[in-house]
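Encoded as structure tokens, the structure appears first; notes follow it.
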Amino acid sequence: MRSNRVIYWFLFQCTLGIFVLFLLLFFTNCTKKQELAWSPFIWKGDSISGKYIEKAFIYIPVQIDDLPYKFTMQFDLGSSKSVLYEKPMRFLMQKDSAFANKWNWDSFSFPHCNLRMGDIFIPNTELFYMKNMGDSICEESLNSTESIHIGTIGADLFQDKVLIIDYKSSRLSITDSVPSVYAALPAEKFTIENGIIKLPFSIKGQECKLMFDTGSSPFQLVTTKERVLSIAKPELVDSLSGPLWWGRYITFYGFSVNQTVKFAGKELPVNAKVYYDKEGLWENIYNAFNIWGITGNAYFMENVVIIDYRKKLFYVQ
């Protein structure tokens, strides 16, 4: 009997030890899954039509390969590709032959770059080349304490990932799954076309698709003149003119919204404005993507936005 008790006690202790080890491994893995690498971003102000807009663009500090310079790139989910601008790149390629040798004439890109944004590291990524864009730089620019603006971070970097944009804390993160702290939030299903997100808004009680564009910071809503006048008071309340279309100057007219506009249960505030561009350039976007219009950062300034590109779910905290 004593022998059996010893065996039972031994088996019990082994089972208990395995169970405790399992729990430790489980909680360790769960903890690891919730650890997020963050990249800070910078709100870039600009004067447009003589008005200073404090949050006109989002810039991300970046490092490319081993280039020993401080760079920024604009965060623009309205761009399907991440691009480097020709004018600053021309000088940098002259300075660094190893980087210049990455250039691929066939794809018109740098196909194997190592990109770092804060604590986020994206190896072996492709950065495309945009001609006639950006500001020319010189030796003094490289020695300056100011960062050199060299390109755009587009939607291609986040496909098949989860992107978290924490607007209030001015930071973003990329992960493989929705963290548990956000998983219980209600989510809206979206569609993707050429990497671009189309969100289902409720406008005057009808579902309308809007592009989510982080490159459109000043605007909560932008659409055609006809649609603007269908949801807003007819009196002009704002106008903005500047290089708001890849460096091209265009003018936007703003009107006060007087109809109900909602997304994910979040209603547009009563003092919101909706804009159209005088030149009608953006109408090409609406027609190409078959959307009602565009929404941007201004709609979500007080929120954390979680975008699951794999499952096409959009969360708002």
Hey, can you grab everything whose amide H is under 5 Å from the amide H of residue 197? Only 5+ residues off in sequence or another chain; H modelled, so Pro and N-termini drop out. 212
Which of 155, 180, 144, positive extreme of dipole for region 125-211 (C-beta unit charges): 180
With a bin width of 10 angstrom, please list the P(r) values of region 208-317 as percents of all Cα-Cα pairs, from the 0 bin to the one holding the largest distance. 14, 47, 32, 7, 0
So what's the angle, to the nearest 10 degrees on a 0 to 90 scale, between helix 86-95 and the longest Cα principal axis of the chain? 60
Could you tell me, in Å, what Rg and Dmax come out for the Cα atoms of the chain? 24.4, 95
Label-point gap, in nm, between residue 141 and residue 185 - each point 7 angstrom along Cα→Cβ: 3.7
Among 289, 91, 75, whose mean-square fluctuation peaks in a Gaussian network model of the chain (Cα, cutoff 10 Å)? 91
Over all alpha-carbon pairs of region 258-314, lay out the pair-distance distribution in 10 Å bins, whole %, shortest bin first. 17, 41, 37, 5
Normalised by the residues of region 156-310, what does the relative contact order come to in percent, with Cα pairs under 8 Å and at least six apart? 34
Taking a 1.4 Å probe, which of 182, 52, 253 shows the most accessible area, and what order do the others take after it? 52, 253, 182
Tilt relative to the chain, helix 2-34 - C-alpha long axis, 0 to 90 degrees, to 10: 10
How far, in nm, would the chain grow between residue 160 and residue 100 when pulled straight, counting 0.36 nm per residue and subtracting the alpha carbon separation? 18.7 nm
GNM result for the chain, Cα springs below 10 Å: residue of 211, 133, 93 fluctuating most strongly: 93
What length, rounded to one decimal in nm, is gained on full extension from residue 38 through to residue 311, with 0.36 nm per residue of separation minus their alpha-carbon distance? 96.1 nm
In the chain, taking the dipole from +1 charges on Lys and Arg beta carbons and -1 charges on Asp and Glu beta carbons about the Cα centre, the listed residue (268, 291, 48) farthest towards the positive end is 268
Could you check the simple spin-label distance between residue 55 and residue 170, using points 7 Å along Cα→Cβ, in nm with one decimal? 1.1
Sort all Cα-Cα distances of region 34-124 into consecutive 10 angstrom bins from zero, then give the percent of pairs in each bin up to the one containing the longest distance. 13, 41, 32, 13, 1
Given H placed on each backbone N at 1.01 Å, which residues far from residue 293 in sequence or on other chains put an amide H within less than 5 Å of it? 211
For a paramagnetic label modelled at 7 Å from the Cα of residue 233 toward its Cβ, which residues of region 288-306 fall within the zone defined by backbone nitrogen distances under 18 Å? none
What does the helix-only formula give at 222 nm for the chain: each DSSP H stretch with n ≥ 4 adding -39500 (n - 2.57), the total divided by the residues, and the result rounded to the nearest 500 deg cm²/dmol? -6500 deg cm²/dmol
For a quick check of understanding: with a 1.4 angstrom probe and all protein chains in place, what accessible area in square angstrom does residue 135 have, to the nearest ten? 120
Spatially proximal lysines relative to residue 209 (Cα-Cα < 20 Å; intrachain offsets below 8 disregarded): 189, 198, 225, 262, 266, 273, 311, 312
Consider all pairwise Cα distances in region 169-263 and report the whole-number % of them above 21 Å. 49
Which sequence of 173, 230 reflects their accessible areas, 1.4 Å probe, from the largest down? 230, 173
Here, GluC sites (Glu not before Pro) of region 95-191 satisfying both criteria (DSSP loop; at most 15 other Cβ within 10 Å) are 146
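Tell me the per residue accessible area of the chain using a 1.4 Å probe; a whole number in Å² is fine.
Dividing the accessible area of the chain by its residue count gives 52 Å².
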In the chain, taking the dipole from +1 charges on Lys and Arg beta carbons and -1 charges on Asp and Glu beta carbons about the Cα centre, the listed residue (313, 199, 118) farthest towards the positive end is 313
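The values are calculated or read from the model by the stated rules, or taken from the named source; none is laboratory data. All of these numbers come straight from a predicted model, not from anything done at the bench. Note that each Cβ is placed from the backbone with ideal geometry, even for glycine, and that neighbours are counted across all protein chains shown. Ligands, DNA and RNA are excluded from the accessible area calculation, which covers all protein heavy atoms including side chains. Shrake-Rupley method; radii C 1.70, N 1.55, O 1.52, S 1.80 Å.
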